[in-house]
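The values are calculated or read from the model by the stated rules, or taken from the named source; none is laboratory data. All values derive from a computational prediction rather than experimental measurement. Quick reminder, even Gly has a Cβ in these numbers, built from the backbone with ideal geometry, and neighbours come from all protein chains shown. Ligands, DNA and RNA are stripped out before the accessible areas are found, and what is left, the full protein with its side chains, is counted by its heavy atoms. Shrake-Rupley method; radii C 1.70, N 1.55, O 1.52, S 1.80 Å.
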Amino acid sequence: MDAITTRVVPNLNLSGSRRNSTQFSQTKSVVSISCSSSEGSQGFDKLERRNGGRGNGLLYGPVQKQREIVCSAGAGTGACIYGEHALERSHAHAAEEKLGVLLLNLGGPETLQDVQPFLFNLFADPDIIRLPRLFRFLQRPLAQLISVLRAPKSKEGYAAIGGGSPLRRITDEQAEALKMALEEKKMSANVYVGMRYWFPFTEEAVHQIKKDKITRLVVLPLYPQYSISTSGSSIRVLQDMFSKDSYLSRLPVSIIKSWYQRIGYIESMANLIEQELQKFSNPEEVMIFFSAHGVPVSYVEDAGDPYKDQMEDCIRLIMQELKARGTLNEHTLAYQSRVGPVQWLKPYTDEVLVELGKNGVKSLLAVPVSFVSEHIETLEEIDMEYRELALESGVENWGRVPALGLSPPFISDLADAVIEALPSAQAITTTEVISEEAEADPMSYIIKMFFGSILAFFLLLSPKLISTFKKLL
Ligand SMILES: C=CC1=C(C)c2cc3[nH]c(cc4nc(cc5[nH]c(cc1n2)c(C)c5CCC(=O)O)C(CCC(=O)O)=C4C)c(C)c3C=C
Ligand SMILES: [Fe+2]
C-alpha cells in the first residue's frame, strides 16, 4: 500500500497564556542580527569580547518590542512516523536542499566564574521563574538576587566535578556523532548546537544557520520529555527570533518536541539498565530507581506542563521493554534537584532514598532519566550526594546507569527521528498579538523597572532576608 502512515502525538499549545515582557538591553556597538530574546543574557556581550571564539560576534540589539506569537511549525508534539515513501521523498529533498539540524540544550558554566552569570540567565527566563504578569518587571532584579545568593552553592557543585559543566563538550560530540549517523543513512546535514543559558547561545546557532543558507531545518531539543521549563523555553526563543526575520519566517522547520516514546530511545535505556544490573552480585534483587529532574508542581497543575505525564509514560515504556526481555525488577520514580521555597513534583529523590534504606532495600540502581548527557546533577548530585545518603540510610550496593551520551543505537535513533521529521517541515506561521507590555507606555515600564530594581536592591541588603533565602535555596 502506498498510504503514508502518520502518527502524531496530541499537540501542545506552545504559546500558552504566557507573554514576553518588553526587554531593555543596553545598546551594543555591534549588532550582527537583531535578535531580541526577552531576556538579555548576562555574560553574552562581555564574554563575547573577552573570548572572541566562543561566540559568533552576535550581540543583543537595543530595546525591542516583544510580540506574542502562535506557532504552527512542526505540528506534532512528539514522534511523527512516516511510511517508506515519505522517507524516499525526504532523501530526494536532501539532494536539492541544504538541511540543518538544530540541537537545543540547556548549557552550563565552563568555569567557576561563569556560574553566577549562567544562573542569572537561567533565573531571568520567565519559563523558569514564572512571575504573575503584574510582577514581571521584577524578573531581572530577582534573577540578579537569586543568582548571587545561589552561586556559592552551585560553585561548590561545579568545583566537585572539575570546575565546570561538561555539557558543551558532550553536546558538541553528540552533534558530530549525529551528523555522521545521518551521513551513514545517506542524509547530509549541518548540525548546530544552541544552548539556552550559556555558550553557544541559541541566537548564535540561528545566526550561523542563516549564514549557511539552510533551506530546511529540524529542531531537536535534547530533552526526551517536554517541559515548559526546558524544550518549551528554548522553542519560545526560536519562535521569537523566527517571527521577526523574513528569511527565518519562511524557512521550513520541523520541531521534534518530545521523543521519549521512540523505540530506539526505550531500547537504548533498557540496554544500559541491563548492563548495569549485571554488575550487582544479585541483579534480580536490585531496585531500579528512576530519578528525574523535578519541576514545580504549579507547572503541571496550573500551566498544563505535560512533563509529569510524559515522565510516567516513559518509565512505563522502559519497564515494559525490560519485562519483555525477562527483567522483572522492582522500580520506583522520584524527582530530584528542587530549588527554592515552592512545592516541586513529589516524591523527592532524597526522601525516597532514606525511606527505601529504612525499609530494608539493600541494592539500588539509580537511573537518570530526564537528560541524555552527564551533567552536574548526575556527576555531583546522584554520584556524590544521593549515593552517600543512600549508603547512610542502609543501602549496601549502589550503582548508576550512565547517561546515553554517544551510545550508537541512541544516536542512530536520533538520526532516524530527524529523517522522519523532515517531510513535515513547514514555515513558522505567526499570528502576532501585541503584548500588553509592548503596548504600554515605555515610560511606565522604565518607572516599574526603576522601582523594581530599588526594591530588589533593598531585599539584597536585608541580612535577615538573605539568610532566609539561603536556607531556602
Ligand atoms: C529535564 C531536565 C531539566 C528540567 C525539567 C529543569 C528544570 C529546572 N531547573 C531549575 C534550576 C536549575 N537547573 C540547573 C541546572 C540544570 N538543569 C538541567 C535540566 C533541567 N532543568 C540540567 C541538565 C542542568 C545542569 C547543567 C550543567 O551545568 O551541567 C541549575 C544550576 C545548577 C544548580 O545550581 O543546581 C539550576 C539552578 C529550575 C528552577 C527548573 C524548573 C523550573
Ligand atoms: Fe535544572
Modelled FRET efficiency - R0 25 Å, Glu285 with Lys346, Cβ distances, 0.05 increments: 0.45
Going by amide H atoms built from the backbone, whose H comes under 5 Å of the H on His293, apart from near neighbours? Gln336, Val369, Ser370
Which ³J(HN,Hα) values, rounded to whole Hz and listed in residue order, are derived for segment 165-172 from phi using the Karplus coefficients 6.51, -1.76 and 1.60 in 6.51 cos²θ - 1.76 cosθ + 1.60 with θ = phi - 60°, glycine and proline given as x? 7, x, 4, 5, 4, 5, 5, 4
Give, in nm to one decimal, the length gained when the segment between Val148 and Asn190 is fully stretched (0.36 nm per residue of separation minus the Cα-Cα distance). 11.3 nm
Pairs Lys186/Lys257; Lys153/Lys323; Lys323/Lys358; Lys186/Lys213: which exceed 29 Å Cα-Cα? Lys153/Lys323
Log10 I(q)/I(0) at q = 0.09, 0.18 Å⁻¹ for segment 287-420, from Debye over equal alpha-carbon scatterers, is -0.29, -1.12
May I ask you to order 174-180, 237-243, 387-393 by the average number of other C-beta atoms within 10 Å around their residues, highest value first? 237-243, 174-180, 387-393
Divide, for segment 121-223, the radius of gyration over alpha carbons by 2.2 N^0.38 Å, where N is the residue count. 1.38
Over what distance in Å are the Cα centres of segment 335-364 and segment 179-248 separated? 35
If amide H atoms are modeled at 1.01 Å from N in the peptide plane, then the residues at a separation of 5 or more from Val191, or on another chain, having amide H under 5 Å from its own are Val101
Using a 1.4 Å probe on the protein heavy atoms only, what accessible surface does Lys213 show? Give it in Å² to the nearest 10. 140
Where the centre of each part is set by its Cα atoms, how far does segment 135-153 sit from segment 377-413, in angstrom? 30
Skipping prolines and chain starts, which residues have an amide H placed within reach, meaning under 5 Å, of the one on Tyr348, given they are 5 or more residues away or on another chain? Tyr335
Sorted by accessible area with a 1.4 angstrom probe, largest first, how do Asp172, Asp413 fall? Asp172, Asp413
